[in-house]
1. Is it the case that the range 20-39 has a residue that's touching a residue at least 60 places away in the same chain (Cβ under 8 Å), surrounded by 12 or more Cβ atoms within 10 Å (Cβ to Cβ) and at positive phi?
2. State the number of residues belonging to the range 1-19 that are over 17 Å from the mean Cα position of the chain (by Cα), surrounded by 19 or more Cβ atoms within 10 Å (Cβ to Cβ) and among the basic types (K, R).
3. Kindly establish whether N125 is surrounded by 11 or more Cβ atoms within 10 Å (Cβ to Cβ) and either within 16 Å of the ligand (Cβ to nearest atom) or without any contact (Cβ under 8 Å) to a residue 40 or more places away in the chain (or both).
4. Among the residues of the range 5-17, are any closer than 20 Å to H92 by Cα, within 13 Å of the ligand (Cβ to nearest atom), polar (S, T, N, Q) and not assigned by TED's automatic domain parsing to the domain that holds D97?
5. Is one or more of the residues making up the range 27-48 part of a helix (DSSP H, G or I), under 18 Å from N179 (Cβ atoms), near the ligand (Cβ under 10 Å from one of its atoms) and β-branched (V, I, T)?
6. Here is a check on your reading of the model: is F119 in contact (Cβ under 8 Å) with a residue 60 or more places away in the chain, aromatic (F, W, Y) and within 16 Å of the ligand (Cβ to nearest atom)?
7. In the range 103-114, is there at least one residue being aliphatic (A, V, I, L, M) and part of a helix (DSSP H, G or I)?
8. Please go through the range 139-174 and pick out each residue that is away from the ligand (no atom under 12 Å from the Cβ) and either in contact with a Lys or Arg (Cβ under 6 Å, 6 or more places away or on another chain) or at pLDDT below 95 (or both).
Amino acid sequence: MKIKPIKVGITGGIGSGKSTVAKIFSILGIPIYSSDDRAKRLMIEDSVLKEKIISAFGKESYLESGQLNRTFLAKTVFSDPEKVKQINGFVHPAVKDDFDSWVNAQSSPYVLKEAALIFETGGQNLLDYVINVSAPLRIRVNRVMMRDPDRSEAQINQIIDQQLPDEEKNELSDFVIKNVDNKLLIPQVLKIHEKLVSLAS
Ligand code: ATP
């Protein structure tokens, strides 16, 4: 019988370096499930999910090409906390099912699920372990402003407001990776990798 991989979440506040750290794990051969990317794909490709979005927010949610109408959604859905809750209520279960079938197709000792929100949504209950990528708020905001020059500080702060503070995520996590200038990432990743491989065997 095929052994199921251990499910490990990798989270961290905006600009903490989740994607950067996930790339290092990926070089070690660990499959990465990007919740954001998969959610965006499912919103276009999953017909049941698409139908729910259209009936709640209207046909304008999609462009004629079938792509998401990001301008419309940003203005009418993502600016309203109640509607954000509603759309998340459609998207999260679809991502959960998609992640489960993706995990079943993997054969590595463990897999990583990268998501900005894990503790905020109770996602840790569906995972075996969680890694938090940690960095001070000021450094994170600076990184994001450098990476996304089109984003305003207000938009960045709006995202931060939806995320648990870094210190709380550190407390709740099984592993913490400190992504600050004076700490090397690769040795921290290798240590956790070895631990997870031994837990899996
Ligand atoms: P988001 O939540 O916005 O998706 P993230 O947590 O995935 O962000 P990354 O995209 O990995 O973060 O990193 C944010 C930016 O900071 C990127 O431009 C990345 O190259 C840069 N960065 C990450 N770690 C470091 C570091 N240790 N030193 C300098 N720059 C870094």
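1. No, the range 20-39 contains no residue that is touching a residue at least 60 places away in the same chain (Cβ under 8 Å), surrounded by 12 or more Cβ atoms within 10 Å (Cβ to Cβ) and at positive phi.
2. 0
3. Judged against the criteria, N125 is not a match.
4. Yes - at least one qualifying residue is present in the range 5-17.
5. Checking the range 27-48: not a single residue is part of a helix (DSSP H, G or I), under 18 Å from N179 (Cβ atoms), near the ligand (Cβ under 10 Å from one of its atoms) and β-branched (V, I, T).
6. When the stated conditions are applied, F119 passes them.
7. Yes - at least one qualifying residue is present in the range 103-114.
8. Scanning the range 139-174 gives D150, S152, E153, A154, N157, Q158, D161.
The values are calculated or read from the model by the stated rules, or taken from the named source; none is laboratory data. Just so we're clear, the structure is a prediction, and the values are computed from it rather than from any experiment. In this analysis, Cβ positions are derived from the backbone assuming ideal geometry, glycine residues included, and neighbour counts consider all displayed protein chains.
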